[in-house]
Amino acid sequence: MNALFRDRIMVQRRDGKNIKDEAEWIEVDDVIDCKKEMFTKKDYRVVIYTENGEYVYCTNNNAFFDLMSERHGMIMTDKGVLGNLTKMKSVDYDNGKVYFDTDKEKYITISKPRESLVKEYIKKLFGR
């Protein structure tokens, strides 16, 4: 199988009872086995075992957003909003929106505090 098309899982490394704050990707083909384990009285987690260690399937929103924002084109445009600006069709700074279709129905919001960061990022991506 071509390495470019391999499936990956977003996980957090587990060291004993501790789970690292940072998320990372692991290859699905590296998984030896998985088990559903109870972490608290009401919280089950999927624990993934590989030759490189133990991982917990990532359900932490902050870790997810941090890892995804490392990808080319991905940027936080508003609180809790992450968008892939390489897929944008247009941007409207006056109304604080990035559009992903020509009908301007599919969009994400841009908060005022993030507007200059988004402008700078779009300029780097597209030179505009």
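The values are calculated or read from the model by the stated rules, or taken from the named source; none is laboratory data. Remember, predicted model here, so these are calculated numbers, not experimental data. Areas reflect the complete protein model, heavy atoms only, side chains present, ligands, DNA and RNA absent. Shrake-Rupley method; radii C 1.70, N 1.55, O 1.52, S 1.80 Å.
For region 90-118: of the residues being over 21 Å from the mean Cα position of the chain (by Cα) and of a type in the set (Lys, Arg), which is most open to solvent (accessible area, probe 1.4 Å)?
Restricting to residues being over 21 Å from the mean Cα position of the chain (by Cα) and of a type in the set (Lys, Arg), the top hit is Lys112.
Considering each of Thr77, Thr59 in turn, give the residue that is among the polar types (S, T, N, Q) and in a loop (DSSP other than H, G, I, E, B).
Result: Thr59 is the single residue among Thr77, Thr59 that is among the polar types (S, T, N, Q) and in a loop (DSSP other than H, G, I, E, B).
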